[in-house]
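Engineer: This structure is in structure tokens; I'll ask about it shortly.
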């Protein structure tokens, strides 16, 4: 994508932007990482997102129980070990940006440290995302915002006050903000998606655009969110259903990505309020009034000498009762349409 205009890319008057999140689905393989970037480009992603961190950017290498995950998908893992397994080495980033550029796509990232932001700036990152877990890291948010790039905020776990505080920091620098409805449960059960929150976010943050970051196993919630009116949909992308990774249980395949792109486009088209040319033509197939037998000049129209048939040529069938009793100013042959000009 040669040019980038925030308002042109993200707005409610076009189909949602599809964001493919690569995350840790590369399983520590640079080859798989770069292949995922290419797969995203080829299968319908409008934007590709990665995560920029190394374990030391997020946590400490400690064995204390406080650094142990106690519930959920990564139960019993040390934070350090999880992030070490899932991280994308800084050295891989440039090639990923180059592949996206070659495919005319925007690749951007969620940075998890100030040094990550500095590296992304050197690579020309055009958009930043603030991950759900970082929404209270005001130091990081302030530094990202100071780069004056559009920011996507994920709101998983956050209450409205926390979202407002994060936005207030960004507003010191700019207002290019997208707020993503998100449930930070991995994977998220459909029953917990709470898509009505999209309406609530739109009402509370009417000044900004709303999207969705979907961690369910399928594309169903994302499709439903399209009907709610969102500017962006983010889904994690995996290579296939066979490869098990840190995020594979809530990621979609390239085929599902392509299906998501096509379905959201179709749903968006179905929601628009443009004039229907098909209906305009088919109106001509409505009924109009015809002579059911020859009608003499000055003869009254009655239920015995007129009838309604398709197509709409003369007087519309809706005027049937209005013209009963009116006289003709000419002879009208059987099965001929009757026009207003034919009546006295």
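Laboratory data are not the source of any read-out in this text; all were calculated from the coordinates shown. For clarity, every value in this text was computed on a predicted model and none was experimentally measured. Every residue, glycine as well, gets a Cβ built from its backbone with ideal geometry; the counts of neighbours run over all protein chains shown.
Engineer: If we count other beta carbons within 10 Å of each Cβ, what is the order of 205, 33, fewest first?
Structural biologist: 205, 33
Engineer: Continuing with the same structure: Calculate the all-directions average of the projected area of the range 278-342's alpha-carbon convex hull, and give it in nm².
Structural biologist: The directionally averaged projection comes out at 3.9 nm².
Engineer: Right, here's the next one. Out of all DSSP beta bridges in the chain, what portion is antiparallel? Express it as a percent rounded to 5.
Structural biologist: Bridges in the chain that DSSP calls antiparallel: roughly 25 percent.
Engineer: OK, next. Just want the ordering: 175, 251, from fewest to most Cβ atoms lying within 10 Å of their own Cβ.
Structural biologist: Ordered by Cβ neighbours within 10 Å, fewest first: 175, 251.
Engineer: Expected output is a single nm value to one decimal: the length gained when fully extending between residue 327 and residue 263, i.e. 0.36 nm times separation in residues minus the C-alpha distance. What is it?
Structural biologist: 17.4 nm
Engineer: Next question. What are the radius of gyration and Dmax of the range 30-90, computed over its Cα atoms and given in Å?
Structural biologist: For the range 30-90, the Cα radius of gyration and maximum Cα-Cα distance read 14.8, 44 Å.
Engineer: Can I ask one more? So how far apart, in nm, are the two label points at residue 316 and residue 115 if each is 7 Å from Cα heading toward Cβ?
Structural biologist: Taking the simple label geometry, residue 316 and residue 115 are separated by 7.4 nm.
Engineer: Given a Förster distance of 35 Å, report the FRET efficiency between residue 8 and residue 136 from their Cβ-Cβ distance, rounded to the nearest 0.05.
Structural biologist: The calculated FRET efficiency here is 0.65.
Engineer: Calculate for the chain the 222 nm mean residue ellipticity that helices alone would give, adding -39,500 (n - 2.57) per DSSP H run of length 4 or more and normalising by residue count, nearest 500 deg cm²/dmol.
Structural biologist: The per-residue figure over the chain is -9000 deg cm²/dmol.
Engineer: Taking R0 as 41 Å, what's the FRET efficiency between residue 31 and residue 273 from their Cβ-Cβ distance, rounded to 0.05?
Structural biologist: In this case the efficiency is close to 0.30.
Engineer: In addition: May I ask for the equivalent-ellipsoid semi-axes of the chain, computed as the square root of five times each C-alpha gyration tensor eigenvalue and listed largest first in whole Å?
Structural biologist: After diagonalising the Cα gyration tensor, the semi-axes are 61, 20, 19 Å.
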